[in-house]
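The values are calculated or read from the model by the stated rules, or taken from the named source; none is laboratory data. These numbers come from a predicted model, not from an experiment. Virtual Cβ from ideal backbone geometry, glycine too; neighbours counted across all protein chains shown.
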Amino acid sequence: MSADRRYEWGQGALAAGDAEGARDLFAQALDCAPDWPAGWFALAQALERLEKLGEAREAYSKTLALDPEDAQGAALALARLGGAKPATAPRAYVKTLFDQYAARFDTHLVEKLGYRGPQVLCEAMERAAPGRRFAHVLDLGCGAGLFAAAIVSRAQKITGVDLSPAMIEQARAKGLYERLAAADLTDFLAAEPAESADLAAAADVFVYVGDLGAVFAGVFRTLRPGGLFAFTTQSGPSQGFAVGDDLRFSHSESYLRELSAIHGFAVAEFCAVSTRKDRGVDVPGWAAVLRKSE
C-alpha cells in the first residue's frame, strides 16, 4: 500500500507538471517495491521530463528487464530516445492498454478526442469506389465496433479481430458482426481463407504497427481480386516509420506507396487527414484506399 500510495501521488505530481516531485515519489515507491515494472516506467517518464535522458534510458531498460513481455511499452519509449526501433508495439502493451480502456472507449475516443476514423475511411472509399457494397468486410483492429457501425449499411457480413478480449466483448454487444476473434492481426490474416473478403479496413490501427509488410501481404492474400484495403495512419517521418512522443507509430507517404506497389496494390485514394485530436490539436495522418489487381 505504501508503494501504491506514493505511485499515485507521483502520477498526480507528474500530471501537474512537477517532474522533480514525481521523480522523488516514484523513487520512494521503488524503495518499497524494487522489482515493480510500472514504478520503473513511471520513474523513467519523470526523468525524461527532467531531461535526464541517460537515467531515463536506464530506467526504461530496467522496466523491460523486469517485464520482457513489456506491458508498459518500454521498448517504444527507448526507440523514441534513440534505441532500437521495434517492428510493432508489444502485444502485452496493446492488450493491457485496451483491456483497461474498453469500458469507456467509445465515449472517450469520440467525445474527448474528436475521433472520426470510420467517417474518414468511408468518405475515402466513397471517392475511390462510389456506391460500392461489400459481401464480406474484415474489420482489422475492430476495437468496440465503431467502423462496423459506419459500414454496416454497405456490408453483407462483417468479421472483426482485435488483440484485446475486453474490446471484443464491447464489439459483440453491438450485434453488428457475424464473427469476432481475439487475436494478433497477422496471425488472424494467416488463418483466413484466401480470396475470401471484399474489403479489409483498419481505422487508427497502424499506430501500433511500424513495419506493415506482413499485414499488407496478409491482406493481399485474403482479398478477392478487385477487393479494397482501406486504412488510416499517422503521418510523420519523410521516410519509413518512426515512434512518436505518444508511443504511436507514424508512417511516411513514400513508405506506404512503396509498400503498396511491392505487394501488388494499386492506390485508388490517398489523402492527408486527421482522425483525432491530441490536447485539442488535430493529429496529422493519411487515409488510403488500395485496390488488389483484378
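Table: residues versus (1) within 16 Å of Ala202 (Cα to Cα); (2) among the charged types (D, E, K, R).
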{"position": "Pro130", "(1), (2)": "no, no"}
{"position": "Val137", "(1), (2)": "yes, no"}
{"position": "Ala148", "(1), (2)": "yes, no"}
{"position": "Ile151", "(1), (2)": "yes, no"}
{"position": "Lys157", "(1), (2)": "no, yes"}
{"position": "Asp162", "(1), (2)": "yes, yes"}
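Can you tell which of Ala166, Ala171 is surrounded by 21 or more Cβ atoms within 10 Å (Cβ to Cβ), of a type outside the set (Ser, Thr, Tyr), touching a residue at least 24 places away in the same chain (Cβ under 8 Å) and in a helix (DSSP H, G or I)?
Ala171
Determine whether Arg127 is touching a strand residue (DSSP E or B) at 6+ places or on another chain (Cβ under 8 Å), modelled with pLDDT of 95 or more and not hydrophobic (A, V, I, L, M, F, W, C).
yes
If I filter the stretch 187-194 for residues that are surrounded by 15 or more Cβ atoms within 10 Å (Cβ to Cβ) and under 20 Å from Cys122 (Cβ atoms), do I get at least one hit?
no
Taking the residues in the stretch 59-93 that are under 14 Å from Asp245 (Cα atoms), in a helix (DSSP H, G or I) and touching a residue at least 60 places away in the same chain (Cβ under 8 Å) as candidates, determine which candidate is nearest to the chain's Cα centre (by Cα).
Per the criteria, the residue is Leu76.
Sort out which residues of the stretch 144-160 are under 25 Å from Arg291 (Cβ atoms), touching an Asp or Glu at 6+ places or on another chain (Cβ under 7 Å) and not in a helix (DSSP H, G or I), and write them in order of number.
The answer is Lys157, Ile158, Thr159, Gly160.
Residue check: is Val209 closer than 24 Å to Ala74 by Cβ, aliphatic (A, V, I, L, M) and modelled with pLDDT of 95 or more?
Spelling it out, Val209 is indeed closer than 24 Å to Ala74 by Cβ, aliphatic (A, V, I, L, M) and modelled with pLDDT of 95 or more.
Being among the hydrophobic types (A, V, I, L, M, F, W, C), surrounded by fewer than 21 Cβ atoms within 10 Å (Cβ to Cβ) and modelled with pLDDT of 95 or more is the filter here, so list the residues in the stretch 243-266 that pass it.
Leu259, Ala261, Ile262, Ala266 - these are the residues of the stretch 243-266 that are among the hydrophobic types (A, V, I, L, M, F, W, C), surrounded by fewer than 21 Cβ atoms within 10 Å (Cβ to Cβ) and modelled with pLDDT of 95 or more.
Provide a single number: the residues in the stretch 113-140 that are more than 16 Å from the chain's Cα centre (by Cα), farther than 17 Å from Ala268 by Cα and not small (Gly, Ala, Ser).
Selection size over the stretch 113-140: 4.
Spot the failing condition for Asp35; the list is (1) surrounded by fewer than 22 Cβ atoms within 10 Å (Cβ to Cβ); (2) closer than 30 Å to Gly143 by Cβ, and only one is missed.
(2)
Among the strands (runs of 3 or more DSSP E) confined wholly to the stretch 175-294, which include 1 or more residues that are touching a residue at least 24 places away in the same chain (Cβ under 8 Å) and among the β-branched types (Val, Ile, Thr)?
The strands (runs of 3 or more DSSP E) meeting that bar are 223-235, 241-243, 265-273, 285-292.
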